[in-house]
Amino acid sequence: MKKTILSIALCLMASFGFSQKWEGLAKTPPMGWNSWNTFALDINEQVVKDMADKFVNLGLKDAGYTYIVIDDGWMTKQRDENQNLVVDPQKFPNGLKEVSDYVHSKGLKFGIYNCAGSHTCGGFPGSRGHEYQDALLYARLGVDFLKYDWCSTGKLNAEEAYTTMRDALYATGRPILFSLCEWGDNQPWNWGAPIGHMWRISGDIFCCWDCEYVHDKGLPTQWSSWGVLPIIKMRQNIRQFNGPDHWNDPDMMEVGNGMSVEEDHSHFALWCLMASPLFLGNDLNKITDETLKTITNKELIAIDQDEKGIQGYEVEVRDSLSIWAKSLKDGNWAIGIFNLSKQTKQVSFDFKSLKFTDDVAKESFDCNTQEYKVRECVNHTDYKTGTKKPVNFTLKSHDCVVFKLEKSTGKK
Ligand code: GLA
C-alpha cells in the first residue's frame, strides 16, 4: 500500500514538473581535487587517473577527499551535428566514461565542469539552451559533481539560470552535487540553498597570502584574482548562510602551489575554520611531505567537517594576532590564532581573556565560567592545564595554531 501511494505521488510530482536539488549530498563540506589551479586547460586522461591513484596511495581518500573534478577544457570547441558536447579526443582518447569508471573503481567520485553562459571561461561551448541535453550526457558519463561557471552570460538572471540546470540534473535521475561558480556577483548566498550544494563567494584564488593579481591590466576585459587574506576579507557578513548541504565556497585551495609552509598551514586552517569545501588544487604527482602533512591533517579536517556546519569567524585581532573561533558540536570550540605580522612571535595566550557571543551559533565563550580540555591541532599537542592557565607557543610569520577546546565536565 505504502509503495502504491509513493508511486502515485512520484507520478504526480513528475507530471506537474516537480523539481528540486538532490538533497543531502553535502551534509558536511565536500572534499576533493580540482584540475584548474595547477593544470588549467592542459588536462588529460593520465593526469586524472594519476590523481585518483594518488588519492588512494597517499592516504587522501582515507582523510576524506572524495571527488576528482575535471575543470574547464575537457571538450572540443564545437558541439557535434546533434548539438552534443564532444569530449576532446586528444586529451581523453578513451572517452570520459572510461575515466569516470576508473575514478569510481577507486571508490571515489567523478566531477566535471561547464558554464551557464554560451561559452565557458576558457571559450568552450557552454550549456545555455542545452541544459537538459548536457545534464543527460553527464549522467550517462557517471558524473557525480557539476561545477557550473558564469562566463558569457550576458543578461541572464543567475538564480533562474542555476535553477534550470538544477532541474535538468534532477530530471536525469542521477544524484549530482551542484557547485555554483558565479563568484558572488549576484549574492548566491541569498538564493542558492534550494538550488545548489555550494557557491563560490569570490573571484578566482591566486597563489599568494595577501595580494591582488590583475589580469588584462588596462583592457576592458580586466579582472582580478585574489590571495588568501583578500578572499577572506571580501565577504564579511555571509556566514549565517553557510550550513549543511549549502556551503559558502572560497575557491579551490592553493596549498602546495608555492606559498611558504607557514602560509599553507594557515590557508588550510582558515578553510577548515570556515567550514569550507576542501578542494585541493595542487599536483599530487609532485607533492612534498610537508604539503601532504598539511592537507591530511585529520584533526583540522574534523573541525571543517563538524556536523554542526558553523562557519567560524575572526573574533578579534590583538597585537597582529588574528583570533578565530568556530563553534563545534557538543558545545566545543575551535580557536585559531594566526600571526599576521612579518616577525616570529612568542605568544602567551590566556583563554580567559577571550569572551564573546557567536550570534550565528547562538553560543557564548567564557573560560571563566566553563573549563575546556585543550588540544592543539596543527602540531598535535595536548596542553595539560587546559584553559586554566595561559598556553605558551612560538608562531612564525603567517603561521597558526588551532586549538580544539573540549568541554570539561562540571562548571567552575
Ligand atoms: C572561472 C572559474 C575558475 C575556473 C575557470 C575555468 O574563472 O572561476 O575556477 O573554473 O573559470 O575557465
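The values are calculated or read from the model by the stated rules, or taken from the named source; none is laboratory data. If you're wondering where the values come from, they're calculated on a predicted model, not measured in any experiment. Please note: Cβ atoms are built from the backbone with ideal geometry, for glycine as well, and neighbour counts cover all protein chains shown. Remember, those area values only see protein heavy atoms, side chains included, never the ligands or the DNA or RNA. Shrake-Rupley method; radii C 1.70, N 1.55, O 1.52, S 1.80 Å.
Name the strands (runs of 3 or more DSSP E) wholly within the stretch 329-412 that hold at least 1 residues that are at pLDDT 95 or above and of a type in the set (D, E, K, R)?
Numbers: elements: 333-339, 345-349, 355-358, 363-366, 372-376, 381-383, 391-395, 400-407.
Qualifying strands (runs of 3 or more DSSP E): 345-349, 355-358, 363-366, 372-376, 381-383, 400-407.
Return yes or no: is residue 132 out of contact with any Gly (no Cβ under 8 Å at 6 or more places or on another chain), over 25 Å from residue 202 (Cα atoms) and hydroxyl-bearing (Ser, Thr, Tyr)? If you could, list the steps in order and put the result at the bottom.
Details: out of contact with any Gly (no Cβ under 8 Å at 6 or more places or on another chain): yes; over 25 Å from residue 202 (Cα atoms): yes; hydroxyl-bearing (Ser, Thr, Tyr): yes.
Yes; evaluated as a whole, the condition is true for this residue.
Scanning the stretch 109-124 for residues being open to solvent by 10 Å² or more (accessible area, probe 1.4 Å) and either under 19 Å from residue 87 (Cβ atoms) or within 10 Å of the ligand (Cβ to nearest atom) (or both) gives a total of 6.
Could you tell me which residue of the stretch 162-180 is nearest to the ligand (Cβ to nearest atom), considering only residues that are buried (at least 17 other Cβ atoms within 10 Å of the Cβ), over 16 Å from residue 247 (Cα atoms) and aliphatic (A, V, I, L, M)? Among those residues, the one meeting the criterion is 165.
Confirm whether residue 340 is hydrophobic (A, V, I, L, M, F, W, C) and open to solvent by 20 Å² or more (accessible area, probe 1.4 Å). Yes; evaluated as a whole, the condition is true for this residue. The helices (runs of 4 or more DSSP H) falling completely within the stretch 21-104 that include 3 or more residues that are open to solvent by less than 60 Å² (accessible area, probe 1.4 Å) map to 36-39, 45-57.
Being of a type in the set (D, E, K, R), closer than 23 Å to residue 76 by Cβ and surrounded by fewer than 18 Cβ atoms within 10 Å (Cβ to Cβ) is true for just one of 140, 128. Which residue is that? Full working, then the answer.
Numbers: 128 fails: surrounded by fewer than 18 Cβ atoms within 10 Å (Cβ to Cβ).
None of the other options fit; the residue is 140.
Residue-by-condition table, conditions (1) closer than 18 Å to residue 121 by Cα; (2) touching a residue at least 24 places away in the same chain (Cβ under 8 Å); (3) within 16 Å of the ligand (Cβ to nearest atom):
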{"site": "145", "(1), (2), (3)": "no, yes, yes"}
{"site": "154", "(1), (2), (3)": "yes, yes, no"}
{"site": "160", "(1), (2), (3)": "no, no, no"}
{"site": "182", "(1), (2), (3)": "yes, yes, yes"}
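In the condition set (1) surrounded by fewer than 13 Cβ atoms within 10 Å (Cβ to Cβ); (2) under 24 Å from the mean Cα position of the chain (by Cα); (3) within 13 Å of residue 391 (Cβ to Cβ), residue 353 is compliant with all but (2). Applying the set (1) open to solvent by 50 Å² or more (accessible area, probe 1.4 Å); (2) more than 16 Å from the ligand (Cβ to nearest atom) to residue 191 leaves exactly one unmet item: (1).
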